[in-house]
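The values are calculated or read from the model by the stated rules, or taken from the named source; none is laboratory data. No experiment lies behind these values; they were computed from the predicted model shown. Cβ: placed from backbone, ideal geometry, glycine included. Neighbour counts: every protein chain shown.
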Amino acid sequence: MTCKSCEKLVSDVLLDVPGVMEVEASVKQGRAAVRMRDEARDPDLDLLNRQLEAHGYRLYPEGCRMPSSAESLFRRLRRAIIVLLIVGFIGACLWSPLHALFPSVSAGASFGALFVLGIVASLSSCLATTGGFMLAYSAEKASRRKTILMHIGRLVAFMVGGALLGALGGTIPAISSGWYGALALIMGIGFLVVALNLLDLSPSLAKLGVSLPSSLHVFADKVKKRPGGVTPFLVGAVTFVLPCGFTQTAQALALASGSAFSGFLLLTAFALGTLPVLLGVTAFATKVSLKHGMLRLLIGAVMFFFALGQIQSALSLYGVSIGSPLGATSPIAAAPPAAGQTEQVVKMKVTSNGFNPSNLTVKKGVPVRWEVDGTKAGGCTSSIISRELDISKTLDRGINTFRFTPERTGRITFSCGMGMVRGSFNVID
């Protein structure tokens, strides 16, 4: 087992066995204990394994020598590198057309990243947690109305929850500004551990002792058993609090956005990303197992690049620049000082798509007047940060003017308030 969702899924299968009173599954110990009624017959291990193997698990009697499935580190590393190269090449080819599509919903790179995160989540732990929970309910007297109401409830809960979290984040300046870098860095490292686990290069977070409380499942099960016509809607809505690391990460990003509108867009994007797979699970009563196979490796590779992007965003908020070949543009030179003037002028427009231009060239020792047009800024680009220039400002709708004098050659970085959209000054002699 690899996570709390594994414990829940294994427990649910074992609890359906006639005579079972209680099940205690432990991902950390890698074992499941079952307590049965005195008069119950011993369970058929082969029958249990036929049920569990459909989800990628297998039971072995206590004391039995379990077969070793360990591969050499070299083989696992070689396989992971090949998959990373393939996914990286495809991502580089598709970056420009996909990046151009995301901003149309006025949330910039944040919306696209959360939509992709939703897709990844729906194919991994959220499928076992949320998908299994919704499937178990929809399978009882299944109907189209029940399925539709469940998914409407889920979407509404994420929309409203995102707006509330964003509004709450706006009342806590420490989260929506400087502290976001630390939060983003922690999440990026967590994603990297998950990615390496999916690539078979490291143990899972749960194996390392990091997991969410399983008590949230108890609350969700109570809602599921509630009688009434609105129960399907509530079942969908309660998935907002089910223990899934991806969901909690999306919620943290909505909180850090510091805006009700941005939080609404971010969690709407995440919920829409999870919708196709979860809709298929509940409509056709099928599940995808990521315990083995190429799908697990592909998702791990996608998450690996997502984690690197998250870490890069976090570091940019601390003035640490890590170049990226994706979307790189040639630096635009500042206009030289006009006759009678002593400063060079740099003009930049900000939209939900990003900074235009994002790379600028200025001369060392010459004062700079940086004119930033924030008329079309939106989502995470509604604020701009540069640690080296001591700038941290929510952009006004119009021209925002910043003045500074570069004292050294090299790069001076700046970014949106969440570090997802980045730019730089190239300072020359």
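Looking at Leu266, is it at pLDDT 80 or above and either surrounded by 24 or more Cβ atoms within 10 Å (Cβ to Cβ) or within 29 Å of Leu196 (Cα to Cα) (or both)? Give the steps one after another, and end with the answer.
Numbers: at pLDDT 80 or above: yes; either surrounded by 24 or more Cβ atoms within 10 Å (Cβ to Cβ) or within 29 Å of Leu196 (Cα to Cα) (or both): yes.
It is true that Leu266 is at pLDDT 80 or above and either surrounded by 24 or more Cβ atoms within 10 Å (Cβ to Cβ) or within 29 Å of Leu196 (Cα to Cα) (or both).
For the structure I just gave you, tell me whether Thr394 is over 28 Å from the mean Cα position of the chain (by Cα) and outside the structural domain of Phe261 (by TED's automatic domain parsing). Steps first, answer last, please.
On the way: over 28 Å from the mean Cα position of the chain (by Cα): no; outside the structural domain of Phe261 (by TED's automatic domain parsing): yes.
Taking the combined requirement at face value, the residue does not satisfy it.
From the residues in region 5-59 that are modelled with pLDDT of 80 or more and hydroxyl-bearing (Ser, Thr, Tyr), which one is nearest to Ser122 (Cα to Cα)?
Looking at the filtered set, the residue picked out is Tyr57.
Consider Ala167 carefully, then state whether it is more than 17 Å from the chain's Cα centre (by Cα), part of a helix (DSSP H, G or I), of a type in the set (Gly, Ala, Ser) and at pLDDT 75 or above. Break it down stepwise before answering.
Details: more than 17 Å from the chain's Cα centre (by Cα): yes; part of a helix (DSSP H, G or I): yes; of a type in the set (Gly, Ala, Ser): yes; at pLDDT 75 or above: yes.
So Ala167 fits the description; yes.
Taking into account only those residues within region 213-252 that are outside any helix (DSSP H, G or I) and aliphatic (A, V, I, L, M), which is modelled with the lowest pLDDT? It would help to see each step written out before you state the result.
So in region 213-252, the residues outside any helix (DSSP H, G or I) come out as 213-214, 225-230, 242-244.
If we keep only those that are aliphatic (A, V, I, L, M) too, we end up with 230, 242.
On the way: Val230: 78, Leu242: 74.
Per the criteria, the residue is Leu242.
Here is a check on your reading of the model: is Met134 at pLDDT 80 or above, under 30 Å from Phe233 (Cα atoms) and not hydroxyl-bearing (Ser, Thr, Tyr)? Please lay out each step first, then the result.
Details: at pLDDT 80 or above: no; under 30 Å from Phe233 (Cα atoms): yes; not hydroxyl-bearing (Ser, Thr, Tyr): yes.
For Met134, the condition - at pLDDT 80 or above, under 30 Å from Phe233 (Cα atoms) and not hydroxyl-bearing (Ser, Thr, Tyr) - is not met.
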